[in-house]
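The values are calculated or read from the model by the stated rules, or taken from the named source; none is laboratory data. On a predicted model such as this, the values are computed, not experimentally measured, just so you know. All Cβ positions, glycine included, derive from the backbone under ideal geometry; neighbour counts span all protein chains shown. Calculation scope for accessible area: heavy atoms of the full protein, side chains included, ligands and nucleic acids excluded. Shrake-Rupley method; radii C 1.70, N 1.55, O 1.52, S 1.80 Å.
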Amino acid sequence: MEMVVGGAFQGKAAFAEKMYPGISWVRGNEISREELFSARGVVGFHEFIKKEMEEGSSVEALAEELIRKNPEVILVSDEVGYGVVPVDAFQRAYREAVGRTCTKLASFSRKVTRVVCGIGTVIKHD
């Protein structure tokens, strides 16, 4: 597993597409769990978490399930934990779920790259 993370509109998708040519990318808000577990590359992984939560599905064990079922996936995700804490309870729960899920996945990942202004910095490489 590898991850590309960073703030919104920082060039993560373009960076990932350049770093991993030939990957068939899917959008997180457009796929099912089954598709997630067979995808090679997912852009907007944070949107997958949001969609699942909006549909009432638990994402508590998502990281462990993804590690078990698709350990070679490349995930591109926004970091949503910076900034003002949302007033809305759902938005706070979503923010926490993305942070906790991505923390577990980053721990498992062999490589994690943070992208700022289109420039990637490797923050983990095993």
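Select from region 52-75 the residues that are in contact with a strand residue (DSSP E or B) (Cβ under 8 Å, 6 or more places away or on another chain) and not in a loop (DSSP other than H, G, I, E, B) and list them in ascending order. Can you show your working first?
Step one: list which residues in region 52-75 are in contact with a strand residue (DSSP E or B) (Cβ under 8 Å, 6 or more places away or on another chain), which gives 73-75.
Answer for region 52-75, where residues must be in contact with a strand residue (DSSP E or B) (Cβ under 8 Å, 6 or more places away or on another chain) and not in a loop (DSSP other than H, G, I, E, B): 74, 75.
Would you confirm whether any residue within region 9-18 is among the aliphatic types (A, V, I, L, M), in contact with a Leu (Cβ under 8 Å, 6 or more places away or on another chain) and at pLDDT 95 or above? Before you say what the answer is, go through the steps one by one.
First pass over region 9-18, keeping only residues among the aliphatic types (A, V, I, L, M): 13-14, 16.
In the following step, the residues that additionally are in contact with a Leu (Cβ under 8 Å, 6 or more places away or on another chain) were identified as none.
No, region 9-18 contains no residue that is among the aliphatic types (A, V, I, L, M), in contact with a Leu (Cβ under 8 Å, 6 or more places away or on another chain) and at pLDDT 95 or above.
Can you list residue pairs whose Cβ atoms sit under 9 Å apart, with the first residue in region 19-34 being within 20 Å of residue 51 (Cβ to Cβ) and the second being open to solvent by less than 90 Å² (accessible area, probe 1.4 Å) and among the polar types (S, T, N, Q)? Count only pairs 6 or more apart in sequence or on different chains.
28/77; 33/57
If we scan region 91-110, do we find a residue that is among the hydrophobic types (A, V, I, L, M, F, W, C), open to solvent by 30 Å² or more (accessible area, probe 1.4 Å) and not in a helix (DSSP H, G or I)?
Among the residues of region 91-110, not one is among the hydrophobic types (A, V, I, L, M, F, W, C), open to solvent by 30 Å² or more (accessible area, probe 1.4 Å) and not in a helix (DSSP H, G or I), which makes the answer no.
Tell me, which residue of region 53-70 that is hydrophobic (A, V, I, L, M, F, W, C) and within 14 Å of the chain's Cα centre (by Cα) is surrounded by the most Cβ atoms within 10 Å (Cβ to Cβ)? Walk me through how you get there before you give the answer.
Our first condition is that a residue be hydrophobic (A, V, I, L, M, F, W, C); within region 53-70, this holds for 53, 59, 61-63, 66-67.
Then keep just the ones that are within 14 Å of the chain's Cα centre (by Cα); that gives 59, 62-63, 66-67.
Working: 59: 20, 62: 21, 63: 18, 66: 24, 67: 16.
Applying the filter and picking the extreme gives 66.
Cβ-Cβ below 7 Å, separation at least six or inter-chain, first residue in region 60-81 and among the charged types (D, E, K, R), second outside any strand (DSSP E or B): which pairs?
From region 60-81, the pairs are 69/37; 72/1; 78/7; 78/8; 78/46; 79/7.
Mind checking which residues of region 49-73 are under 17 Å from residue 29 (Cβ atoms) and aliphatic (A, V, I, L, M)? I'd like the intermediate steps shown before the answer.
Start the filter on region 49-73 by keeping residues that are under 17 Å from residue 29 (Cβ atoms), which leaves 49-57, 59, 62, 66, 73.
Correct list: 49, 53, 59, 62, 66, 73.
Could you grab me the full set of residues in region 76-90 that are out of contact with any strand residue (DSSP E or B) (no Cβ under 8 Å at 6 or more places or on another chain) and open to solvent by less than 50 Å² (accessible area, probe 1.4 Å)?
80, 81, 86
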